[in-house]
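The values are calculated or read from the model by the stated rules, or taken from the named source; none is laboratory data. What you see is a predicted model, and the numbers here were worked out from it, not measured in a lab. Positions of Cβ are backbone-derived with ideal geometry, glycine not excepted, and every protein chain shown enters the neighbour counts. The protein model used for the area step is the full one, side chains on, heavy atoms only, and it has no ligands, DNA or RNA in it. Shrake-Rupley method; radii C 1.70, N 1.55, O 1.52, S 1.80 Å.
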Amino acid sequence: MLPTGVAVTVQRPDKKGAGRLTSAPVAPDGTFEVDDLPRAAGQVTYEIGYAGDDLHTASTASVTVRVRN
């Protein structure tokens, strides 16, 4: 688990490219939150990244969610 307060980057790639949404601090339980309003309903993919540090290697992950209108 990442240390509390470390920032992860969040991107939402779409037809216009991958724009960085924000960075989000990691909570003590290892979670983070991001507020976003996608441009359209349907499948939306988020890419999460961590640059790494002296104790943790860099990593990425993605998740796809369904957005309803």
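Look at VAL10 and say whether it is part of a strand (DSSP E or B) and in contact with a Ser or Thr (Cβ under 8 Å, 6 or more places away or on another chain). Steps first, answer last, please.
Details: part of a strand (DSSP E or B): yes; in contact with a Ser or Thr (Cβ under 8 Å, 6 or more places away or on another chain): yes.
In short, yes.
Scanning the range 13-35 for residues that are under 18 Å from ARG66 (Cα atoms) and in a loop (DSSP other than H, G, I, E, B) yields a total of 4. Taking the residues in the range 14-29 that are open to solvent by less than 60 Å² (accessible area, probe 1.4 Å) and either among the β-branched types (Val, Ile, Thr) or over 22 Å from VAL44 (Cβ atoms) (or both) as candidates, determine which candidate is modelled with the lowest pLDDT. The selected residue is THR22. When VAL63 is tested against the conditions (1) in contact with a Ser or Thr (Cβ under 9 Å, 6 or more places away or on another chain); (2) of a type in the set (A, V, I, L, M); (3) open to solvent by less than 40 Å² (accessible area, probe 1.4 Å), the lone failure is (3).
The residue of the range 36-57 that is farthest from ASN69 (Cα to Cα), among those that are modelled with pLDDT under 90 and open to solvent by less than 30 Å² (accessible area, probe 1.4 Å), is VAL44.
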